[in-house]
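Here's the structure, in structure tokens; my notes come after.
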Amino acid sequence: MILQVLDLNTAPRETLRPEIHRRNIDVQFLAAGGPERAGYYNDDQTNLVDEDLLDTPRDILFYRNNPNAPEGTIEMVPGTYAVYFPWDVHIPAVQTGASPAPIRKIVIKVAMSACAPVAEN
């Protein structure tokens, strides 16, 4: 597992890119600040790639915003968390009010290989 402590500000949804990870489950805990909204939807493999960093230690791929994606939202306040699996596109740190809000997030990345056996070819 990898633990990250992130201090950042929420931002308008249209300025944020959807992201996904392939090797890790992302557990995001809002420790302070906010509130924060997080968008999510299932990765149906039809989204256009904006930036692919899957083969780097970051294990992240950014998609272009898709106005037709069936995006749901999670409202987060301190003490709440969200879990994103490799098939969950997510858009964290979305601002909920008229202006950005500072947030402190604890992100734990759990290797999928630690949770389920990897099939060998």
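Remark: spin-label model distance Ile106-Asp50 equals 2.9 nm, labels positioned 7 Å along the Cα→Cβ axis.
Among DSSP beta bridges whose residues both lie in the chain, state the antiparallel percentage, nearest 5.
Percentage antiparallel, nearest 5: 95.
Normalised by the number of residues in the chain, the mean separation of alpha-carbon contacts (under 8 Å, six or more apart) gives a relative contact order of 49 percent. Based on protein heavy atoms only, the chain ends up with 58 Å² per residue of surface accessible to a 1.4 Å probe. Other residues within the sphere of radius under 15 Å centred on the Cβ of Thr73, judged by their own Cβ, net out at -3 (K and R +1, D and E -1).
Ligands, DNA and RNA left out, the accessible area of the chain computed with a 1.4 Å probe is 57% carbon and sulfur. In terms of its alpha-carbon gyration tensor, the chain comes out oblate; a/c meets the 1.5 threshold, while b/c is at least as large as a/b. Database remark: amide H of Ile60 closer than 5 angstrom to the amide H of Leu53, Leu54 (H placed geometrically; neighbours at sequence offset of 5 or more, or on other chains; Pro and chain starts carry no H). Taking a Cβ cut-off of under 15 Å around Ala93, the surrounding Lys, Arg, Asp and Glu residues balance to a net charge of -2, with basic ones at +1 and acidic ones at -1.
Counting only other residues whose beta carbon sits under 14 Å from that of Asp7, what net charge do I get with K and R as +1, D and E as -1? Around Asp7, the charge tally is +1.
The values are calculated or read from the model by the stated rules, or taken from the named source; none is laboratory data. Since this is a predicted model, take the numbers as computed values, not measurements. As a convention, Cβ positions derive from the backbone with ideal geometry for all residues, glycine included, and neighbour counts pool all protein chains shown. The area values use the complete protein model at the heavy-atom level, side chains included, leaving out ligands, DNA and RNA. Shrake-Rupley method; radii C 1.70, N 1.55, O 1.52, S 1.80 Å.
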